[in-house]
Amino acid sequence: MDRKAGRVKKSEPKLEDLEKCYLFISRSSYVLEEEVNRIKKIFGGKINFDTDFRVFDASSEIDEYDFRNFMSTPSFFSTSKLLVVKNVERLPSHLLDVLIDKLEESKDIVFVLTSTKSKPGSKLMELVERIGKVEDIKSPPATELKKWLEEKSELDGIKFTTKASNLLLESVGEDLTSLKLEYEKLHTYVISEKEKLIDEKIAKSLISRTYFLKVFDLVDFVGVKDKRNSLKALKDMIDGKKSLIGMVTLLYRMFKCLMYLKYENGRRSVKDYLRKNISAKEYFIDELVRKYEKFSKNYSEEDIIRIFGILNHYDIQFRKATIEESINLANMLILEILED
């Protein structure tokens, strides 16, 4: 029916006024979670959540029988059912076809789909725009998060060192909700202290290491050829039970930058490449370039070419693997890259 960009204060619709399907698109997982909870709240007390509410996350393996069965079985307790499919852009093609068919024919299910990609699939987009609503929700820019932190800490009488502030902002990416949660931890720690100062040491000890940052840790250990800590960082990532495709992407990006640095004007080429491929502040890009310059001394051109072949091979394998299968693949990938 319509596609809406940005975010405005919205009045909550009644259950009977809900669209048949919602597709929420945002780079921020926290924003997407808020939208899911908003719709779920409308159903509160009106459906049996034990039988008529289900969440499937396409970033993990989905039980096909359970997926089909929920959409095919009518409710005996409620007038409507609620189905949430997170990361719908990762849904295998055969399950996406099932979802599209059910979207067309189901009359007693409200579908809530979330995606971190602006175009999760043209066929799905066209269908949802016709029968429901697509909302493309922009994450707050980094400048807004920095401004919020400066204003909030000033109001609370708390000071951040530059390194502590940068560490906090890097840890939350573009998620204002995450920033507020991490800030609250720091605020609670320092509020009773005589000197209300957050330095880098305090920030490092209290700020959560998100999955995103754990991937960066792993890539850095590979950059310095530290096999033991690379495997340890990988174990921390695996414990989070997340898809490991992002690891391959970041490793490929690092080694591409290391190859650029082997040639004349390599530093400029790396900065241009990073500016085009990541959404980050200039100081963060400068920091990456400095790191890559150090790492480039650890790998020859022949090493990098060999590693490109390894990454290409494992990228294909990861895309076909379940979360469980990808654990063994990830260990093999790191061992092959760092072979003696």
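The values are calculated or read from the model by the stated rules, or taken from the named source; none is laboratory data. On a predicted model such as this, the values are computed, not experimentally measured, just so you know. Here the Cβ is made from the backbone with ideal geometry for all residues, glycine too, and neighbour counts use every protein chain on show.
Report, ordered by the first and then the second residue, all pairs with beta carbons closer than 6 Å, sequence separation of six or more or different chains, a first member in the stretch 212-236 that is in the same structural domain as Ile278 (by TED's automatic domain parsing), and a second member that is of a type in the set (Ser, Thr, Tyr) and outside any helix (DSSP H, G or I).
none
With respect to Tyr252, is the statement that it is in contact with an Asp or Glu (Cβ under 8 Å, 6 or more places away or on another chain) and not charged (D, E, K, R) true? Break it down stepwise before answering.
On the way: in contact with an Asp or Glu (Cβ under 8 Å, 6 or more places away or on another chain): yes; not charged (D, E, K, R): yes.
Considered against the rule, which asks whether it is in contact with an Asp or Glu (Cβ under 8 Å, 6 or more places away or on another chain) and not charged (D, E, K, R), Tyr252 comes out as yes.
Which residue out of Ile304, Ile316 is touching a Leu at 6+ places or on another chain (Cβ under 7 Å) and either within 27 Å of Glu89 (Cβ to Cβ) or surrounded by 15 or more Cβ atoms within 10 Å (Cβ to Cβ) (or both)?
Only one candidate qualifies: Ile304.
Among the candidates Val98, Val84, Val110, Val128, single out the residue that is closer than 30 Å to Glu182 by Cβ and either touching an Asp or Glu at 6+ places or on another chain (Cβ under 7 Å) or not assigned by TED's automatic domain parsing to the domain that holds Glu325 (or both).
Answer to the check: Val84.
Counting only residues that are closer than 11 Å to Cys21 by Cβ, under 24 Å from the mean Cα position of the chain (by Cα) and assigned to a strand (DSSP E or B), how many does the stretch 88-135 have?
Residues meeting the conditions: 5.
Checking the conditions here, which among Phe70, Phe76, Phe56 is more than 14 Å from Pro92 (Cβ to Cβ), aromatic (Phe, Trp, Tyr) and not in a loop (DSSP other than H, G, I, E, B)?
On the way: Phe76 fails: not in a loop (DSSP other than H, G, I, E, B); Phe56 fails: more than 14 Å from Pro92 (Cβ to Cβ).
When all the criteria are applied, what remains is Phe70.
How many of the residues in the stretch 26-48 are crowded, with 18+ Cβ neighbours inside 10 Å, assigned to a loop (DSSP other than H, G, I, E, B) and in contact (Cβ under 8 Å) with a residue 60 or more places away in the chain?
Qualifying residue count for the region: 2.
Which numbered condition in (1) modelled with pLDDT of 90 or more; (2) exposed (fewer than 13 other Cβ atoms within 10 Å of the Cβ); (3) not in a helix (DSSP H, G or I); (4) not aliphatic (A, V, I, L, M) is the only one that Ser279 fails?
Condition not satisfied by Ser279: (1).
Within the stretch 138-145, identify whether any single residue is in contact (Cβ under 8 Å) with a residue 40 or more places away in the chain, out of contact with any Phe, Trp or Tyr (no Cβ under 7 Å at 6 or more places or on another chain) and in a helix (DSSP H, G or I), and answer yes or no.
Checked the stretch 138-145: at least one residue is in contact (Cβ under 8 Å) with a residue 40 or more places away in the chain, out of contact with any Phe, Trp or Tyr (no Cβ under 7 Å at 6 or more places or on another chain) and in a helix (DSSP H, G or I).
Here is a yes/no grid of residues against (1) in the same structural domain as Glu325 (by TED's automatic domain parsing); (2) touching an Asp or Glu at 6+ places or on another chain (Cβ under 6 Å); (3) surrounded by 19 or more Cβ atoms within 10 Å (Cβ to Cβ):
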| site | (1), (2), (3) |
| --- | --- |
| Asp66 | no, no, no |
| Lys102 | no, no, no |
| Thr114 | no, no, yes |
| Lys117 | no, yes, no |
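Could you say whether any residue in the stretch 323-337 is exposed (fewer than 12 other Cβ atoms within 10 Å of the Cβ), in a loop (DSSP other than H, G, I, E, B) and within 24 Å of the chain's Cα centre (by Cα)?
Initial filter on the stretch 323-337 (exposed (fewer than 12 other Cβ atoms within 10 Å of the Cβ)): 324, 328.
When the remaining residues are screened for being in a loop (DSSP other than H, G, I, E, B), the result is none.
Looking through the stretch 323-337, none of the residues is exposed (fewer than 12 other Cβ atoms within 10 Å of the Cβ), in a loop (DSSP other than H, G, I, E, B) and within 24 Å of the chain's Cα centre (by Cα).
Got at least one residue in the stretch 313-335 being under 30 Å from Glu144 (Cα atoms) and touching a residue at least 12 places away in the same chain (Cβ under 8 Å)?
No, the stretch 313-335 has no match at all.
Quick grid of which residues meet (1) in contact with a helix residue (DSSP H, G or I) (Cβ under 6 Å, 6 or more places away or on another chain); (2) part of a helix (DSSP H, G or I); (3) on the phi > 0 side of the Ramachandran plot; (4) at pLDDT below 95:
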{"site": "Lys214", "(1), (2), (3), (4)": "yes, yes, no, yes"}
{"site": "Phe221", "(1), (2), (3), (4)": "yes, yes, no, yes"}
{"site": "Asp236", "(1), (2), (3), (4)": "yes, yes, no, yes"}
{"site": "Val248", "(1), (2), (3), (4)": "yes, yes, no, yes"}
{"site": "Arg253", "(1), (2), (3), (4)": "no, yes, no, yes"}
{"site": "Glu264", "(1), (2), (3), (4)": "no, no, no, yes"}
{"site": "Tyr273", "(1), (2), (3), (4)": "no, yes, no, yes"}
{"site": "Asp286", "(1), (2), (3), (4)": "no, yes, no, yes"}
{"site": "Val289", "(1), (2), (3), (4)": "yes, yes, no, yes"}
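Scanning the stretch 163-200 for residues that are free of Cβ contacts under 8 Å to residues at least 24 places away in the same chain and more than 26 Å from the chain's Cα centre (by Cα), which turns out farthest from Ser28 (Cα to Cα)?
Among those that are free of Cβ contacts under 8 Å to residues at least 24 places away in the same chain and more than 26 Å from the chain's Cα centre (by Cα), it is Lys194.
Which residue is farthest from the chain's Cα centre (by Cα), if the candidates are limited to the stretch 2-25 and must be modelled with pLDDT of 80 or more and part of a strand (DSSP E or B)?
Cys21
Counting only residues that are small (Gly, Ala, Ser) and either within 17 Å of Leu231 (Cα to Cα) or assigned to a helix (DSSP H, G or I) (or both), how many does the stretch 307-322 have?
Going through the stretch 307-322, the residues small (Gly, Ala, Ser) turn out to be 309, 321.
Add one more test, that the residue is either within 17 Å of Leu231 (Cα to Cα) or assigned to a helix (DSSP H, G or I) (or both), and what stays is 309.
Qualifying residue count, the stretch 307-322: 1.
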